[in-house]
Each structure stands twice: as C-alpha cells, then as structure tokens.
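Notes follow once the structure below has been shown.
The values are calculated or read from the model by the stated rules, or taken from the named source; none is laboratory data. Bear in mind that the values here come from a model prediction, so they are computed numbers and not experimental data. Using ideal geometry, Cβ is built from the backbone for each residue, glycine included, and neighbour counts are taken over all protein chains shown. Each accessible area value is taken on the protein alone, full model and side chains, heavy atoms only, with ligands, DNA and RNA left out. Shrake-Rupley method; radii C 1.70, N 1.55, O 1.52, S 1.80 Å.
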Amino acid sequence: MSHKKTYKVAIVMGSQSDYSTMKYCKKVLKILKIKHETKIVSAHRTPDRMYKFAKNSEKNNISVIIAGAGGSAHLPGMIAALTHIPVIGVPIEGKKLKGLDSLLSIAQMPKGVPVGTVAIGIDGAINAALLSASIISISDKTVRKNLNLWRNKQTRSVKKKPS
Ligand code: RP5
C-alpha cells in the first residue's frame with residue numbers, strides 16, 4: 001500500500017513575496033478541511049520546476065491548482081497550458097500597477113486555454129480557495145458540508161443594522 005501523501009488543491013505562487021497574499025488561500029482551505037500543498041513555482045525563474053509541477057499534477061492527485069502571480073503574470077496560463085486540471089489565477093497586488101497588469105494577464109487568456117480569474121489581492125486569494133472548494137464539492141460530500149457551514153456562518157455574521 002502506498003503511503004504517499006495526496007493533495008486535493010495545490011497552491012502555487014511565483015515568489016516568496018506572494019505568500020503574504022496567498023497565505024489566505026491556505027487559511028480558508030484549512031478551515032474547510034481540504035488537503036493542500038503550497039509551493040513556490042516561478043514560470044521565468046524556475047521554469048523546469050513549473051513544468052514538472054504541472055506535468056505531475058494529475059499523477060499527484062491534484063483536483064484544482066490555485067496560482068498566484070504578480071508582474072506580467074504568465075504563471076497561471078503556462079500551468080494551464082500543461083495540464084487539463086482547472087487553474088484559478090490570483091492576481092497579486094504588485095507595487096507598480098497595483099496588480100492591474102497581473103489581473104489583465106491572467107484574465108485575458110486567448111481562447112483555447114482558460115484560467116479562472118479572481119479579484120486582485122487578498123479577496124482574490126480567499127475567493128480562489130472558496131471556488132476550489134465549490135469545484136471539489138461536486139464530488140465530495142464532506143467538502144460540500146463544510147462549505148455550506150462556512151457560508152451559513154458568514155450569513156449569520158451580517159448584522160441587521162449598522163452600529
Ligand atoms: C512574479 O514577480 C511573482 O509572482 C511576484 O509577484 C513578482 C515579484 O517577485 P519578487 O521580485 O518579489 O520575487 O514572478
């Protein structure tokens with residue numbers, strides 16, 4: 001019997017500097033009890049690592065890939081070109097153009113290789129985790145239950161009147 005650890009979601013990012021945003025993905029997946037792994041994979045600085053990661057993702061039992069990138073953000077698109085596993089791109093809010101360049105690079109994929117795109121920054125990182133949970137919930141009852149609990153808690157937390 002294999003004791004190899006398997007993951008449902010892979011959270012990858014182009015740089016250590018992306019982690020202050022991408023750690024919110026991890027936090028949400030932890031709350032939802034979804035197995036995940038976190039890696040630094042850069043399309044331009046570690047292209048071989050990116051290639052191996054994407055090519056092995058199916059074999060490694062990954063259901064969804066969340067890829068965070070800032071600055072001319074080609075990482076999610078390149079990963080999506082190498083695997084059929086759904087890729088959600090998180091545009092990181094960079095110093096120069098406030099992440100708008102990343103948002104456009106990720107969202108404006110030409111036809112043929114889609115990348116699901118979420119909002120710039122922490123909101124996007126949180127939503128990427130929730131969207132990955134929705135995708136997994138189609139075939140996983142426990143994740144469906146945990147996602148619904150999370151949503152109900154969010155609903156209950158909204159006050160009826162402002163104070
Ligand atoms: C991209 O370039 C990374 O995703 C990061 O958002 C950006 C800047 O990287 P560092 O110069 O901070 O390592 O590859």
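Let's see how each residue does on (1) modelled with pLDDT of 95 or more; (2) open to solvent by 10 Å² or more (accessible area, probe 1.4 Å); (3) of a type in the set (Val, Ile, Thr); (4) within 16 Å of the ligand (Cβ to nearest atom):
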position	(1), (2), (3), (4)
65	yes, no, yes, yes
68	yes, no, no, yes
72	no, yes, no, yes
82	yes, yes, no, no
88	yes, no, yes, yes
91	yes, no, no, yes
104	yes, yes, no, yes
111	yes, yes, no, no
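Every residue in segment 114-163 that is of a type outside the set (D, E, K, R), surrounded by 12 or more Cβ atoms within 10 Å (Cβ to Cβ) and not in a helix (DSSP H, G or I), please.
Result: 114, 115, 116, 117, 118, 119, 120, 121.
Give me the residue from segment 27-44 that is away from the ligand (no atom under 16 Å from the Cβ) and under 14 Å from the mean Cα position of the chain (by Cα) and, out of that set, most open to solvent (accessible area, probe 1.4 Å).
Just the residues of segment 27-44 that are away from the ligand (no atom under 16 Å from the Cβ), to begin with: 27-37.
From what is left, the residues that are under 14 Å from the mean Cα position of the chain (by Cα) are 27-30, 34-37.
Working: 27: 110, 28: 11, 29: 0, 30: 148, 34: 8, 35: 122, 36: 36, 37: 26 Å².
So the residue we want is 30.
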